[in-house]
Every structure is written in C-alpha cells, then in structure tokens.
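Bear in mind these aren't lab numbers, they're just calculated from the coordinates by the rules spelled out. Bear in mind the structure is a predicted one, so any value in this text is a computation, not a measurement. Positions of Cβ are generated from backbone atoms using ideal geometry, with glycine treated the same way; all protein chains shown enter the neighbour counts.
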Amino acid sequence: MERNNLRLGIIGIASMIVDKVMPNHFSEGVYFTLGNEELKFYIEKLRNQEKVDLIIVISHLGFPQEVKLALETEGVDVLLSAHTHNRLYKPIMVNNTIIIQSGCHGSFVGRLDLDITGGKIKNFNHELIIVEKDLEPDESIEKLVDKILKPHNQYLNKKVGYTEIGLNRNTVLESKMDNFLLKSLLHSEDAQLAFSHGWRYGAPVAPGNINMNDLWNIIHVNPPLLTVELEGWEIW
C-alpha cells in the first residue's frame with residue numbers, strides 16, 4: 001500500500017424512522033432519502049477537487065438498502081455497512097464496490113486489507129474476527145481501558161442479581177433481555193402493561209450473577225419511568 005501518498009474520502013450516511021403522528025414542527029425542513037442522489041455530488045467533489053485516491057462510505061441504512069445504493073452509485077470503493085447486524089464472512093462486490101458488515105454488540109471485528117497501486121484497489125483480503133475470550137487483547141488499548149474504568153470498577157462490579165438464563169437482544173420482535181426489562185418496569189410500577197422502544201443494542205448477560213455494569217449495558221441512559229392511562233383503541 002502507498003501509505004505516504006494515499007488520500008481517502010470518507011462519507012457517512014445514516015437512516016432514520018419518523019413516526020407518522022410526530023408533530024409537523026418536529027421535522028420541519030428535514031427530508032430523508034436513500035442518499036444516492038446526494039452521494040454523487042460528494043464523490044465528484046472528492047475525486048476532482050480533493051484528488052482523493054479512495055472513497056469509503058460509512059453507512060447505517062441497512063444491508064438491502066446499501067446494496068441498492070451501490071448499484072445506483074458509481075465511484076465508491078468500500079462501503080462499511082451497518083444497521084441490520086449482518087455477519088458477512090465474505091465481502092459482497094456490487095458495482096465494483098466492496099461491501100462488508102461485521103455483526104453487532106462488539107462480538108466481531110471486521111478486518112479489510114487493501115492492496116492499492118496507483119490509487120486503485122488491485123486486491124483485497126477480508127476477515128471477520130470473532131471476539132472470544134482467548135483472543136489476545138492489544139496491550140496498549142487494554143491499559144487505556146483499565147485506566148478509564150479504574151475509578152468506577154467498585155460500582156460497576158457490584159452484584160445486584162442473578163439470572164438462570166442468558167439475556168440477549170438477538171431477535172427483532174421479542175427478546176429475553178427486553179422481557180426482563182419490561183417485567184422490571186411492571187414490578188416497580190402499579191401497571192398492567194409495559195412498553196420498551198425495541199432496542200437492539202446491549203451486550204448479552206450470561207447465566208449467573210448480574211452486576212451494575214450489566215444493567216448499564218441493558219439500558220444505558222437511566223431514563224425516568226412514565227405512566228399513562230390508555231384506552232384499548234390507543235394500544236391497538
């Protein structure tokens with residue numbers, strides 16, 4: 001790789017879901033697209049004005065939408081895909097664009113090595129690395145993390161419960177971790193129903209002791225609990 005001469009152009013794209021009953025002033029002046037029309041402008045600017053050799057798109061549209069984006073857009077060398085939590089063991093080539101996605105929740109690390117000559121990708125190698133307990137950590141990064149966590153370790157390691165089953169958010173409509181959260185809400189409030197936002201983040205909690213760090217992984221913002229009276233038609 002020509003490390004000293006390589007110029008990169010990095011473009012980010014994200015997706016959002018807007019509730020159809022959201023007040024109009026919440027979204028005034030905001031519009032959403034796939035990004036294919038806007039992307040052409042930035043690719044041309046990076047290639048012609050900035051004279052970059054390589055264009056990387058960091059996207060959060062979801063894998064099917066990103067395949068469509070690559071099909072309809074010329075000039076993207078690498079597309080780092082996200083949102084749908086796919087584990088791509090082999091890169092997907094779409095319209096000369098290399099697309100990779102590396103799972104979720106820090107369970108995988110995607111490594112992409114590029115062989116670049118004259119500002120062009122001549123060859124590449126990809127590896128989807130599973131983050132397992134026998135994976136050797138980087139010593140310098142481990143020291144940095146330990147230093148940051150040291151003042152909080154006593155609090156984070158405090159035992160607050162126990163689970164006989166693993167808690168996770170591996171599914172879309174219902175999960176053990178969200179059921180645990182909702183039952184906790186019902187336990188703390190005199191309510192008949194509890195709702196969550198359908199989050200899909202959070203490191204799984206293995207069977208055994210639950211500590212404070214696990215709770216912060218389950219719900220990391222510690223929001224206030226809200227109760228409201230609803231009629232049947234509103235719930236429906």
| remark: Filtering segment 198-216 for residues that are closer than 14 Å to Phe180 by Cα, touching a strand residue (DSSP E or B) at 6+ places or on another chain (Cβ under 7 Å) and not in a loop (DSSP other than H, G, I, E, B) leaves a count of 4
| request: Write out, first by first residue and then by second, each pair whose Cβ atoms fall under 7 Å of each other, whose residues are 6+ apart or on separate chains, and whose first residue, in segment 217-236, is within 19 Å of Leu181 (Cβ to Cβ) and in contact (Cβ under 8 Å) with a residue 12 or more places away in the chain while the second is surrounded by 10 or more Cβ atoms within 10 Å (Cβ to Cβ) and aliphatic (A, V, I, L, M). | output: Asn217/Ala203; Ile218/Met177; Ile218/Leu181; Ile219/Leu181; Leu225/Leu185; Thr227/Ala191
| task | Go through (1) without any contact (Cβ under 8 Å) to a residue 40 or more places away in the chain; (2) in contact with a strand residue (DSSP E or B) (Cβ under 6 Å, 6 or more places away or on another chain) and name the single condition Thr84 misses. | result | (2)
| said: Conditions first: (1) assigned to a loop (DSSP other than H, G, I, E, B); (2) over 27 Å from the mean Cα position of the chain (by Cα). Trp233 passes all but one, so which condition is the exception? | reply: (1)
| said: Please go through segment 192-229 and give me each residue that is surrounded by fewer than 13 Cβ atoms within 10 Å (Cβ to Cβ) and of a type in the set (A, V, I, L, M), ordered by number. | reply: Leu193, Val221, Leu225, Leu226, Val228
| remark: When segment 56-75 is checked residue by residue, the ones that are crowded, with 20+ Cβ neighbours inside 10 Å and touching a helix residue (DSSP H, G or I) at 6+ places or on another chain (Cβ under 6 Å) are Ser59, Leu69, Thr73
| note | Of the residues in segment 129-185 that are of a type in the set (Phe, Trp, Tyr) and in contact with a strand residue (DSSP E or B) (Cβ under 7 Å, 6 or more places away or on another chain), the one that is surrounded by the most Cβ atoms within 10 Å (Cβ to Cβ) is Phe180
| task | Go through segment 58-87 residue by residue and tally those that are hydrophobic (A, V, I, L, M, F, W, C) and part of a loop (DSSP other than H, G, I, E, B). | result | 3
